[in-house]
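Here the structure is laid out as C-alpha cells; the discussion comes afterwards.
The values are calculated or read from the model by the stated rules, or taken from the named source; none is laboratory data. Quantities reported herein were computed from a predicted structural model and do not represent experimental measurements. Here the Cβ positions follow ideal geometry from the backbone for every residue, glycine too, while neighbour counts run over all protein chains shown. Remember, those area values only see protein heavy atoms, side chains included, never the ligands or the DNA or RNA. Shrake-Rupley method; radii C 1.70, N 1.55, O 1.52, S 1.80 Å.
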Amino acid sequence: MGIADLGCSSGPNTLMVLSKIINTIHATCYEMGTPLPELRVSLNDLPGNDFNDIFMSLPGFYDMLGKEKGIGAEGCFISGVAGSFYGRLFPRKSLHFVHSSSSLHWLSQEVLRHQFPSSGHKGRNTSEQRKDIHIKDKPIFSSESISLSISERYFLISEIAGGGDGGGWADGAVVHGRSSPEGSAEMGSHQWELLAQALMSMALEGLVQEERIDSFNAPYYAPSAEEVRNVIEEEGSTIINHLESFEIGWDEGFSIDNSACVRHDCDELEKLSRGQRVAKSYKAVIESMVESHFGKGIMDELFFRYGELIDDYFNKTRAKHINLVISVTKI
C-alpha cells in the first residue's frame, strides 16, 4: 500500500501523523480479517527540510511499531522525497492514500506570477499604518486565478497519485480556510495583517525599507469550504467523502503540560506571553521566507513586535483560525 504525506516537515509531529495513519490501517485490516499489507511510505517536503532529523528518529519509530502492532522494518518502508508537490513526485498508480496537513494553503509561484505579474501595486491599502502582504481581497482576484490556486493544489494530487493497482486512491487534507468566500473575512487572514503592521512600524523607524514591504508577496490563500467544494465538483474526477470547517484558537495546543513538550522548551515557553508563544510558532513556519526577503538582521525584532501585536489582539477578541478538513476518493 502506497502512502504519501505531502509537506511532512520534521520533528515529532511528522511521525505522529504517520503513526495515526498506520493505526487506522491496522484497525481496519483487523476488523476485516485481512492481513496487513506491506506499507510503502513517502515523506515529502521541500529540499530544505531536515530529512536527516526524520531518518534519525526512524529506529525508535520502528521499535514502537514492532511492540504495539507487530510491524517491523520489513513491513513498513519509509523514505524521504524532496521536492515540490506542484510537480510530479511519484510514478503513476503508485499511491493509495495521500495526506497533507497545513500545507495546501501555500500557493505555487505560477499562481503568484499569474496574479501579480510585477512587484507594483497589489490592491494595497496605502495607509502608513497598514499594508497587505498576502492575497486577501477577492475583488483583485480573478475567478480564473482563484480556481487555479485551489485546483492546482487539490487536483495535482490526481496526477501525482493516479491510483494503486486497483485504480483508486484517497486523499485526506487539513488546510487553513476562511468562514466565507468573501476575501475580507478576518478569520483566515488576520495573522498576516498583524505581521504587516509589525513591518510597517519598523519602516516608520527606518529599520525596514517600505519598498521592500511593497514587493513582498506571501504565497498564501485560505479558501472557503464553498470554494473548495465548487472546484472539486467542477473537476469531477473525485467524490467528496467529508468536507468540514471548524474553528481553532490561535494558541490552542500550547499547553505547557503537553507530554510531547521537551522540558527545556517548556521552561522557555513558560516565560513567554500568549502572543509571543504564537509569534514563535509562526516564526518557525515563515521565518525562512521572510528572512530571504528582508534579511536576517531584523528577524528577532520583527517577531518580538509581532508577538506584542498578537497580545494586543488577544485582549480585544478571541482569535480563531478556520481549518478545513477534506477527504476525497478517486471515482
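When ALA73 is tested against (1) assigned to a loop (DSSP other than H, G, I, E, B); (2) within 25 Å of SER327 (Cβ to Cβ); (3) not β-branched (Val, Ile, Thr), exactly one condition is not met: (2).
Annotation: of all residues in segment 246-269 being closer than 27 Å to ALA196 by Cα and either open to solvent by 90 Å² or more (accessible area, probe 1.4 Å) or assigned to a helix (DSSP H, G or I) (or both), the one that is modelled with the highest pLDDT is GLU247.
For segment 34-55, how many residues are assigned to a strand (DSSP E or B) and hydroxyl-bearing (Ser, Thr, Tyr)? Working first, answer last.
Initially, segment 34-55 is screened for residues assigned to a strand (DSSP E or B), giving 39-45.
Applying the additional criterion that residues be hydroxyl-bearing (Ser, Thr, Tyr) yields 42.
Total meeting the criteria: 1.
Each row is one residue, and each column tells you yes or no for (1) out of contact with any Cys (no Cβ under 6 Å at 6 or more places or on another chain); (2) loosely packed, with under 15 Cβ neighbours inside 10 Å; (3) at pLDDT below 80; (4) among the hydroxyl-bearing types (Ser, Thr, Tyr).
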{"position": "GLN209", "(1), (2), (3), (4)": "yes, yes, no, no"}
{"position": "ILE232", "(1), (2), (3), (4)": "yes, no, yes, no"}
{"position": "ILE239", "(1), (2), (3), (4)": "yes, yes, no, no"}
{"position": "GLU244", "(1), (2), (3), (4)": "yes, yes, no, no"}
{"position": "GLY275", "(1), (2), (3), (4)": "yes, no, no, no"}
{"position": "VAL278", "(1), (2), (3), (4)": "yes, no, no, no"}
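When only residues in segment 184-194 that are within 19 Å of the chain's Cα centre (by Cα), of a type outside the set (Asp, Glu) and modelled with pLDDT under 70 count, which is nearest to ASP312 (Cα to Cα)? The qualifying residue nearest to ASP312 (Cα to Cα) is MET187. Against the condition at pLDDT below 95 and either in contact with a Ser or Thr (Cβ under 6 Å, 6 or more places away or on another chain) or among the hydroxyl-bearing types (Ser, Thr, Tyr) (or both), how does LEU89 come out, does it pass? So LEU89 fails the test. Checking every residue in segment 56-68 against the condition of being within 21 Å of LEU95 (Cβ to Cβ) and open to solvent by 60 Å² or more (accessible area, probe 1.4 Å) gives zero matches.
Against the numbered list (1) at pLDDT 90 or above; (2) assigned to a helix (DSSP H, G or I); (3) farther than 25 Å from ARG318 by Cβ, GLN197 comes up short only at (3). When the test is whether a residue is more than 30 Å from SER215 (Cβ to Cβ), at pLDDT 90 or above and buried (at least 16 other Cβ atoms within 10 Å of the Cβ), PHE314 passes it. Filtered by the rule that a residue be surrounded by fewer than 20 Cβ atoms within 10 Å (Cβ to Cβ), over 16 Å from GLU68 (Cβ atoms) and polar (S, T, N, Q), segment 1-27 gives SER10, ASN13. Residue count for segment 22-68 satisfying the condition of being among the charged types (D, E, K, R) and more than 21 Å from HIS96 (Cα to Cα): 5. A single member of SER215, SER224, SER245, SER189 is more than 18 Å from VAL278 (Cα to Cα) and in contact with a Lys or Arg (Cβ under 7 Å, 6 or more places away or on another chain), and it is SER224.
For segment 284-302, the set of residues classified as touching a Leu at 6+ places or on another chain (Cβ under 9 Å) and either among the hydrophobic types (A, V, I, L, M, F, W, C) or open to solvent by less than 50 Å² (accessible area, probe 1.4 Å) (or both) consists of ILE286, VAL290, PHE294, ILE298, LEU302, listed by residue number.
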